Amino acid sequence: MHYNGFTMRSAVKEVLQIIAIAVVIYISLQAVLQVYEVVGASSEPNFPNGGWVLVNKQAYLLGLPQRGEVVVAKWSNASDATYIKRVIAGPGDTIEIKVGKVYLNGRPLEEPYLPEAIVKPLEKVTVEPYHYFLMGDNRNNSTDSRHWGTVSQQDIVGRVWLILWPTSRLGLVSSPPLAVASSEK
């Protein structure tokens, strides 16, 4: 049956091509981007419980995680779950917590995004090669590298790129590099 050069066969062929293209696009996007739900209060108020973030899973294909970046990671010794945390220290860095502050390589970090001072101290830790020390922004209510140890570079799923929910927070995630204080005050 023909209607102005249109056949049922050509219509089915076009629909199948559109579906094939959509599947390829979907699979490609899943390889690069993924939505994650923030579960728990460990990164509040910056990333509230129940929020949704978009993660770039290819962010570290050509580079390494940088201090201050917010990532989704898993700890092989904790569970199969993924966690949203901030990169505090990388390979070879030393980290300790004293007098309510994080010290990176012996110098206090300036972390204006933290809701409160840290209560519990941490003795000096040196981060091993290919590992990262991650902490939640809600430091007094976060299970992270202080409890499970460092996370392997291969266990970092990707960089948190965009806050999707709540819509009042919709936007790109700013991950300024962590600054160390010029002198201890």
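Descriptive notes on the structure:
- So L104, is it within 17 Å of S42 (Cβ to Cβ), aliphatic (A, V, I, L, M) and surrounded by 15 or more Cβ atoms within 10 Å (Cβ to Cβ): no
- Among (1) assigned to a helix (DSSP H, G or I); (2) under 30 Å from N141 (Cα atoms) - the single one P65 does not satisfy: (1)
- Residue, farthest from A41 (Cα to Cα), within the stretch 82-101, restricted to residues that are part of a loop (DSSP other than H, G, I, E, B) and at pLDDT 90 or above: G92
- Only one of the numbered conditions (1) outside any loop (DSSP other than H, G, I, E, B); (2) closer than 28 Å to Q153 by Cβ is violated by A20, and that is (2).
- So I25, is it over 24 Å from the mean Cα position of the chain (by Cα) and either of a type in the set (F, W, Y) or more than 17 Å from M135 (Cβ to Cβ) (or both): no
- Here is the figure for the stretch 119-135: residues that are among the hydroxyl-bearing types (S, T, Y) and without any contact (Cβ under 8 Å) to a residue 40 or more places away in the chain total 2.
- Hey, I95 free of Cβ contacts under 8 Å to residues at least 40 places away in the same chain, surrounded by 15 or more Cβ atoms within 10 Å (Cβ to Cβ) and within 13 Å of S145 (Cβ to Cβ) or not: yes
- Y113 being in contact (Cβ under 8 Å) with a residue 40 or more places away in the chain, in contact with a Gly (Cβ under 7 Å, 6 or more places away or on another chain), under 30 Å from L61 (Cβ atoms) and not aliphatic (A, V, I, L, M): no
The values are calculated or read from the model by the stated rules, or taken from the named source; none is laboratory data. Owing to the predicted nature of the structure, the values given are computational and were not obtained by experimental measurement. Cβ sites come from the backbone with ideal geometry, for glycine too, and all protein chains shown count toward neighbours.
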